[in-house]
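Notes follow once the structure below has been shown.
Laboratory data are not the source of any read-out in this text; all were calculated from the coordinates shown. Bear in mind that the values here come from a model prediction, so they are computed numbers and not experimental data. Cβ: placed from backbone, ideal geometry, glycine included. Neighbour counts: every protein chain shown.
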Amino acid sequence: MSPNDKTMTFQHCTPSQMTRDTFIDTFADIYEHSAWVAEQAFDNGITAEYDSIARLHQLMASTLLNADKASQLALINAHPDLAGKAAVAGKLTAASTSEQSGAGISECSAEEFARFTSLNDAYKAKFRFPFIMAVKGSNRQQILAAFEERIQNNEEQEFSRALKEINKIALFRLAAM
């Protein structure tokens, strides 16, 4: 079963039975430092159909995709750089720490770390927002290769790609609950 399976439900919660406050507390960090996604999703109406991971993800993903560009950009900018200063200083959210560690980013050689830093800086200089990639199932070499490929895109392509990657991250986080 994958998180996209319409029948896969949460093990420890039932969204349709939650109060607004409990729902927001539970799902606020699915989208990095952006509780507004959970707030708006709840306000759209949480029925029993949203007790499925896939259906709740669809609702939350569409909430993000239908938001104004300023809100989307703020969410993109809420994400940390991969192998960035926040990771080195131990200032990532628990989910981001786990995701980056699982991809082996915490084990970068000095050369790999320098390459991540250089690519992060170049990417942000070009697009004015951080590189976003759902790193679960990837290793640091694959991430660096994606970085080098995607930096060739234009801003519109990367903005759209960042939103897609954020929605992938959200699905992974929901499935892990």
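Using a 7 Å offset from the Cα along the Cα-to-Cβ direction at both Cys13 and Glu148, what is the distance between the two label points in nm, to one decimal?
4.0
With a 10 Å Cβ neighbour count serving as the proxy for reagent exposure, in which order, fewest first, do Ser118, Ser138, Ser34 appear? Working shown, then result.
On the way: Ser118 11, Ser138 18, Ser34 22.
The most exposed by this proxy come first: Ser118, Ser138, Ser34.
Label points 7 Å out from Cα along the Cβ direction at Glu39 and Asn139: separation in nm?
4.3
Give me the distance in nm between label points sitting 7 Å out from Cα along the Cα-to-Cβ direction at Thr22 and Ala114, one decimal.
Distance between the two pseudo-spin positions: 5.4 nm.
So how much slack lies between Gln157 and Glu107, counting 0.36 nm per residue of separation and subtracting their Cα-Cα distance, in nm?
On the way: separation 50, 0.36 × 50 = 18.00 nm, distance 3.01 nm.
Separation in residues times 0.36 nm, less the Cα-Cα distance, equals 15.0 nm.
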